[in-house]
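See structure below.
The values are calculated or read from the model by the stated rules, or taken from the named source; none is laboratory data. All of these numbers come straight from a predicted model, not from anything done at the bench. Neighbour counts are summed over all protein chains in view; Cβ atoms, including those assigned to glycine, are modelled from backbone coordinates with ideal geometry. Ligands, DNA and RNA are stripped out before the accessible areas are found, and what is left, the full protein with its side chains, is counted by its heavy atoms. Shrake-Rupley method; radii C 1.70, N 1.55, O 1.52, S 1.80 Å.
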Amino acid sequence: MAKCSYFELFELEPAFELDQAQLADAYRRLARDVHPDRFVQAGEAEQRQAVERSADLNEAYRVLRSDSARARYLLSLSGAEMELEATVHDPEFLFQQMQWREELEEIRDRADTDAIAPFRQRLRTAATAINTEFASVWQNEQQRAQAERLVRRMQFLDKLALEVRDLEERLDD
């Protein structure tokens with residue numbers, strides 16, 4: 001598998017909005033072709049290459065399936081990597097983060113399983129709005145700072161959604 005962009009690998013145009021079913025179909029097709037089990041009878045070098053190709057394919061699929069990872073990847077294709085740790089100058093969103101965290105803490109303290117679904121829905125609504133805005137700015141070099149800010153918002157929402165899932169699992173036990 002030659003080094004190409006993740007989009008090229010799956011024969012997709014670089015875009016934030018992707019047809020996830022088309023991506024999954026392409027992944028399954030490619031995974032069958034490069035799966036290490038197909039190379040059991042091959043030499044050691046070929047087997048190692050198959051494992052590497054399979055790992056590369058899995059990583060590409062993981063990135064393109066995730067809105068925040070795909071957004072970050074799209075920005076990296078322009079040649080400028082986003083800093084992992086950066087001071088965030090986004091007071092409006094920082095305030096929103098505090099509100100969500102407080103609300104999640106209240107849900108946790110009350111063990112209020114009925115409050116989880118509406119909370120999760122509000123997070124999805126916020127994520128949809130962020131994704132829509134990112135889709136409209138990511139290709140505009142003059143709006144790079146805004147695109148990066150939106151990626152950081154996506155990453156926060158991913159982390160918070162994971163915390164919600166963890167809480168739900170604990171409360172269900």
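R165 fulfils the conditions (1) over 17 Å from R70 (Cα atoms); (2) at pLDDT 95 or above; (3) open to solvent by less than 70 Å² (accessible area, probe 1.4 Å) except for a single criterion, (3).
For the range 110-122, does any single residue satisfy the condition of being β-branched (V, I, T) and over 17 Å from S68 (Cα atoms)?
Step one: filter the range 110-122 for residues β-branched (V, I, T), giving 113, 116.
After this cut, where a residue has to be over 17 Å from S68 (Cα atoms) as well, the list is 113, 116.
Yes, the conditions are met somewhere in the range 110-122.
Within the range 79-93, not a single residue is open to solvent by less than 70 Å² (accessible area, probe 1.4 Å) and of a type in the set (S, T, N, Q).
Residue pairs whose Cβ atoms lie under 7 Å apart, sitting 6 or more positions apart in sequence or on different chains, and linking a residue in the range 86-97 that is under 12 Å from E148 (Cα atoms) to a partner that is modelled with pLDDT of 75 or more and of a type in the set (K, R), are V88/R152; D90/R149. Sort out which residues of the range 113-134 are open to solvent by 40 Å² or more (accessible area, probe 1.4 Å), farther than 30 Å from Y73 by Cα and touching a residue at least 40 places away in the same chain (Cβ under 8 Å), and write them in order of number. Of everything in the range 113-134, just one residue is open to solvent by 40 Å² or more (accessible area, probe 1.4 Å), farther than 30 Å from Y73 by Cα and touching a residue at least 40 places away in the same chain (Cβ under 8 Å), namely T113.
Only residues that are open to solvent by 40 Å² or more (accessible area, probe 1.4 Å) and under 15 Å from the mean Cα position of the chain (by Cα): list them for the range 139-148, please. Talk me through it step by step, then tell me what you get.
Start the filter on the range 139-148 by keeping residues that are open to solvent by 40 Å² or more (accessible area, probe 1.4 Å), which leaves 139-143, 145-146, 148.
Selection gives E148 alone.
Of everything in the range 135-162 that's free of Cβ contacts under 8 Å to residues at least 24 places away in the same chain and part of a helix (DSSP H, G or I), which residue is farthest from R101 (Cα to Cα)? My answer is Q142.
On inspection, R108 fails the criterion of being within 27 Å of E8 (Cα to Cα), in a helix (DSSP H, G or I), of a type outside the set (A, V, I, L, M, F, W, C) and at pLDDT 85 or above.
In the range 61-75, the qualifying residues are those that are hydroxyl-bearing (S, T, Y) and over 11 Å from P14 (Cα atoms), and the one that is least open to solvent (accessible area, probe 1.4 Å) is S68.
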